[in-house]
Amino acid sequence: MQNERTSQIFRLTPPERENPNLAFQDIFNYANLTDQKEMLWEWFTIAITSSNAKRKITRENLIFCYEQMEKLVEAAHLINERAVTLNQS
């Protein structure tokens, strides 16, 4: 079920909306691939081991979400690395 917050792009700045590679640059300037994946893993382990009885999302869905987010981070990393290489040429 989508709501206004989840169906809209709200984190990207106007320049990032025009050129999403800017968002990748920002992400990987903050932390490299290894650090990004370690932070994602920490988030995942905290979420999966939490004992919140009112949880609306299953652990299986959290695992799938983690795997998809990791894939996204890896793809963003490759796109960013290729853009950096092209800009250095």
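The values are calculated or read from the model by the stated rules, or taken from the named source; none is laboratory data. Just so it is clear, the model here is predicted, and its values are computed rather than measured. Note that we place each Cβ from the backbone using ideal geometry, even for glycine, and neighbour counts take in every protein chain shown.
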(Q) Just to be sure I understand the filter: pairs with C-beta atoms under 7 Å, separated by 6 or more residues or on different chains, first member in the stretch 1-26 and at pLDDT 85 or above, second member part of a helix (DSSP H, G or I) and exposed (fewer than 13 other Cβ atoms within 10 Å of the Cβ). Which pairs pass? (A) LEU22/PRO15
Q: Working only within the stretch 57-89, note down all residues that are polar (S, T, N, Q) and either over 17 Å from ALA23 (Cβ atoms) or surrounded by 11 or more Cβ atoms within 10 Å (Cβ to Cβ) (or both).
A: THR58, ASN61, GLN68, ASN80, THR85, GLN88, SER89
Q: Considering only residues that are at pLDDT 75 or above and hydrophobic (A, V, I, L, M, F, W, C), look in the stretch 47-71 and name the one that is farthest from PHE24 (Cα to Cα).
A: ILE48
